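Okay, structure first, notes after.
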Amino acid sequence: MNLKPIKYYLIVLLALLGFYGYSGLKGRAYFPDKVEKNTEFNGNKSHSGHVNRFYHK
Amino acid sequence: MENSVKSFFKLSETITCSICKQDIVLYEPAKSEYIVCPSCFSYLHIFTRAETRLNRKLDQPDKVLVLKLGSTGNIHGTEFKVIAYLEKKEAGTDYHWREYILTSHDKGYVTLSEFDGHWNFIASKDFLPDYKEPISYGLSIGYKDVEYKLFNRYTPVVTAMLGEVDWDVVNEKVKATEYIAPPFMVVKEVGKTSHQTDYYIGEYLDAEVIANAFNIDKNDLPQQIGIGANQPSKAFDRWTASLKITGVAIILVLLFHILFHTVKPEKELINDDFLIVYDTKGGPDAFKSFITPSFTLDDESSNIEFEIASLVDNNWLETTIVLVNESDNKTWEVSKGIEYYHGTEDGESWSEGSTRESVMLSEIPQGKYHLNVYPSSGDVFRNNLYIKAVSNVTMWGNTITTILLLCIFPAICWLLMRDYEKRRWNNSNFSPFVNGE
């Protein structure tokens, strides 16, 4: 198999495989839900519970 | 042997044109039977070494020869001498091309054809030690287990010639059919009867190969126009190589996927139905917050998927979940709503939403954690919230996204390859691309 015509794709392919492997080992999701970090103990956060409210009709 | 080869290439004789009485150089005097006088362009039949007789009068060649008669060159390790130049056309059309007849010391004639700057090295079975008789399938031909597709059918006519050959090339009547499998081509020539069928194998040669073989400047060769019938396609090479390597990569991704599942198995952290109570002192819709029991993440880094559910009916429930690391108080906060509505309208029932949702946190470090849960709901009588938390969940999103990303390049290569092939087959009456599609 002649890989010369796709040498740049091979680099991208290896990078993709590497990133996939790293993500799998680290438990990193490509599309995680929106997360706010360290909000609980910074003193200016309240939990009102009004997010993305949807009412029908 | 070497000496005989050298003497063969130096060998030449001079004869006199019977029409204009000018000298004609013979480069292969022992073999040649037909020659064209370079002064008066008479096509002559040599009947003794000294005399010739007129066979036909030809036109002066349109083009200047880029490979001079008598010049030598090495192609595929064989030394050749140029002994004839032919200008041909397809009967009934304006297509013209040029052919150089080359002879070697011990392997006979081969042809170098040139059309729109595209060169083909065409040899008969005498020249090919591993030749096998092609098998005809009508619109294709099989040669050495490779399918060659029908590209062109024509009747060649010689319009001009210089040099010499050992057969009556100008007056021969053949019907030629070309089959291609780039970079190779099979040319089938049928004489007056179908029994007189000969096959020739052509190979596309880059202009640089011709220039190097005959030690001439590449810029002196005709400029390339369009795509040659059997010109190798870099797009095809890229497509086949990328297809194979992407196939291997996809298998690797799937193996990784199974490996991760084995090395880092899923672990259930919480699976409980929690009692929730409306907070009369809180804001509208607010329920009392609560804390879950602690749990431990053993792996250095993991993902956690939360599944929340409550049997809301034409109502909603929303909760903010705060993951708290008990050793350093670092937190990860996510909010998710559940809403489920249903009813009947114009005699048809409908429903929207779901009583179950999930949320994913990624790259959570090792440690002991608990959840702070802040529910709220439009149903003040709602009294339960089911929470399930699992670490190391299978990330199908990662796997499918990686596979899709890997497929982009081969898909682009396929489109480019297809475009190249469409342009190649534009020159054929037998294009497999119907209406250019």
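The values are calculated or read from the model by the stated rules, or taken from the named source; none is laboratory data. These figures come from a predicted structure and were not determined experimentally. Using ideal geometry, Cβ is built from the backbone for each residue, glycine included, and neighbour counts are taken over all protein chains shown.
Only strands (runs of 3 or more DSSP E) whose full extent lies in the range B:326-437 are considered here, and the ones with at least 2 residues that are of a type in the set (Lys, Arg) are B:356-377. Go through the range B:279-298 and give me each residue that's out of contact with any Ser or Thr (no Cβ under 7 Å at 6 or more places or on another chain) and within 23 Å of B:Trp332 (Cα to Cα). Answer for the range B:279-298, where residues must be out of contact with any Ser or Thr (no Cβ under 7 Å at 6 or more places or on another chain) and within 23 Å of B:Trp332 (Cα to Cα): B:Lys288, B:Ser289, B:Phe290, B:Ile291, B:Thr292, B:Pro293, B:Ser294, B:Phe295, B:Thr296, B:Asp298. Here B:Ala235 clears all of (1) crowded, with 20+ Cβ neighbours inside 10 Å; (2) in contact with a Cys (Cβ under 8 Å, 6 or more places away or on another chain); (3) modelled with pLDDT under 95 except the condition numbered (1). Out of B:Ile201, B:Ile210, B:Ile270, I need the residue that is surrounded by 12 or more Cβ atoms within 10 Å (Cβ to Cβ), in a helix (DSSP H, G or I) and in contact with a Phe, Trp or Tyr (Cβ under 9 Å, 6 or more places away or on another chain). Which one? The match here is B:Ile210. How many residues does the range B:326-349 contain that are over 26 Å from B:Asp285 (Cα atoms) and either facing chain A (nearest Cβ under 10 Å) or exposed (fewer than 12 other Cβ atoms within 10 Å of the Cβ) (or both)? Count: 10.
Table: residues versus (1) out of contact with any strand residue (DSSP E or B) (no Cβ under 6 Å at 6 or more places or on another chain); (2) within 27 Å of B:Ser42 (Cα to Cα).
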position: B:Trp119; (1), (2): no, no
position: B:Asp145; (1), (2): yes, no
position: B:Leu150; (1), (2): no, no
position: B:Val174; (1), (2): no, yes
position: B:Glu189; (1), (2): no, yes
position: B:Gln196; (1), (2): yes, no
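Give the residues of the range B:97-125 that are of a type in the set (A, V, I, L, M, F, W, C) and in contact (Cβ under 8 Å) with a residue 60 or more places away in the chain, sorted by residue number.
Narrowing the range B:97-125 to residues of a type in the set (A, V, I, L, M, F, W, C): B:97, B:101-102, B:110, B:112, B:115, B:119, B:121-123.
Residues satisfying the conditions are B:Ile101, B:Leu112, B:Phe115, B:Trp119, B:Phe121, B:Ile122, B:Ala123.
Inside the range B:398-437, residues that are over 21 Å from B:Arg238 (Cβ atoms) and aromatic (Phe, Trp, Tyr) make up a count of 1.
Have a look at B:Asn271, B:Asn212, B:Asn230 and point out the one that is more than 22 Å from B:Ile75 (Cα to Cα) and either at pLDDT 90 or above or aliphatic (A, V, I, L, M) (or both). Full working, then the answer.
On the way: B:Asn212 fails: more than 22 Å from B:Ile75 (Cα to Cα); B:Asn230 fails: more than 22 Å from B:Ile75 (Cα to Cα).
B:Asn271 is the lone residue from the list that is more than 22 Å from B:Ile75 (Cα to Cα) and either at pLDDT 90 or above or aliphatic (A, V, I, L, M) (or both).
Mind checking whether some residue in the range B:215-226 is surrounded by 18 or more Cβ atoms within 10 Å (Cβ to Cβ), of a type in the set (A, V, I, L, M) and more than 18 Å from B:Leu67 (Cβ to Cβ)? Checked against the condition, which is being surrounded by 18 or more Cβ atoms within 10 Å (Cβ to Cβ), of a type in the set (A, V, I, L, M) and more than 18 Å from B:Leu67 (Cβ to Cβ), the range B:215-226 yields no hits at all. Candidates in the range B:320-348 are the residues that are among the small types (Gly, Ala, Ser) and out of contact with any Gly (no Cβ under 7 Å at 6 or more places or on another chain); of these, the one that is farthest from B:Leu371 (Cα to Cα) is B:Gly347. Among the residues of the range B:217-232, those identified as at negative phi, part of a loop (DSSP other than H, G, I, E, B) and touching a residue at least 40 places away in the same chain (Cβ under 8 Å) are B:Leu221, B:Pro222, B:Gln223, B:Gln224, B:Ile225, B:Ile227, B:Gly228, B:Ala229, B:Asn230, B:Gln231, B:Pro232.
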